[in-house]
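Asks: Right, I'll just put the structure down here and ask away after.
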Amino acid sequence: MRRLRIGVLASGGGTNLQAIIDACERGEIDGDVVVVISNISEAFALERAKKHRIDAFAFPHKGMTREDHEKDVVSCLDQHQVDLVVLAGYLRMLTPVMISKYAGRMMNTHPALLPSFGGEGMHGLNVHQAVIDYGCKVSGCTIHFVTLDVDGGQIILQKAVPVQENDTADTLQERILKEEHKLLPRAIQLFAQGKLKIEGRRCHVLET
């Protein structure tokens, strides 16, 4: 059986990328990360890729339209014959150039229980601070497919994490990130096994 070819897009440190690479190397994902792309030249995610001998590319977006920038990214993904695109802390709002091409083959991780605390501006510590300010008792993380509706794609997996009385945005982020590192590789493996079926608004996890 052909192994899944995974392309990861990341803008920062790449801890979720590392979780994916480690899961592949442990045999928990029937696939391999074949390329890592960032819009930030100094993103540490690129160094993580190089350490594991994975092709790594930076495509700075400054001075370019979103569409032209994405055409460069898509060309790189095509050259690596990627089956699945994973957004792992990729801080770019995508256009139909990418979203249409990889419909049903691009997933994202979000550090909250969607549809709550999603949308523009809801990333990183902003999300966790908003959760705390609202007085939520539970937060968590969501793995979902990417659609034109920001953070509105079909939900693949979710994991709830209690919000503690003394939580700060940093402490809540730290606990949720640990769950993301487990949940994202699991979602990728379900895709690799052909166990995800999209029907309208829902993504069904098929039993075998």
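Asks: Contact list please: Cβ distance under 8 Å, first residue in region 105-125 and outside any loop (DSSP other than H, G, I, E, B), second residue of a type in the set (Asp, Glu), pairs at least six apart or on different chains.
Replies: Listed by first residue and then by second, the contacts come to ASN108/ASP151; THR109/GLU180; HIS110/ASP151; LEU125/ASP170.
Asks: Let me ask another. Please state which one of PHE44, PHE59 is without any contact (Cβ under 8 Å) to a residue 24 or more places away in the chain, within 19 Å of the chain's Cα centre (by Cα) and surrounded by 15 or more Cβ atoms within 10 Å (Cβ to Cβ). Spell out how you get there, then give the answer.
Replies: On the way: PHE44 fails: without any contact (Cβ under 8 Å) to a residue 24 or more places away in the chain.
Of the residues listed, the single one that is without any contact (Cβ under 8 Å) to a residue 24 or more places away in the chain, within 19 Å of the chain's Cα centre (by Cα) and surrounded by 15 or more Cβ atoms within 10 Å (Cβ to Cβ) is PHE59.
Asks: Now a separate question. Quick test for you: out of VAL74, VAL85, VAL131, VAL138, pick the one residue that is among the β-branched types (Val, Ile, Thr), over 13 Å from the mean Cα position of the chain (by Cα) and not assigned by TED's automatic domain parsing to the domain that holds ALA192.
Replies: Values: VAL85 fails: over 13 Å from the mean Cα position of the chain (by Cα); VAL131 fails: not assigned by TED's automatic domain parsing to the domain that holds ALA192; VAL138 fails: not assigned by TED's automatic domain parsing to the domain that holds ALA192.
Checking each option against the conditions leaves just VAL74.
Asks: Run down LEU183, LEU157 and say which single residue is buried (at least 18 other Cβ atoms within 10 Å of the Cβ) and assigned to a strand (DSSP E or B). Break it down into steps so the answer makes sense when it comes.
Replies: Values: LEU183 fails: assigned to a strand (DSSP E or B).
That would be LEU157, the only listed residue that is buried (at least 18 other Cβ atoms within 10 Å of the Cβ) and assigned to a strand (DSSP E or B).
The values are calculated or read from the model by the stated rules, or taken from the named source; none is laboratory data. This one's a predicted model, so the numbers in the text were calculated from it and none came from an experiment. Positions of Cβ are backbone-derived with ideal geometry, glycine not excepted, and every protein chain shown enters the neighbour counts.
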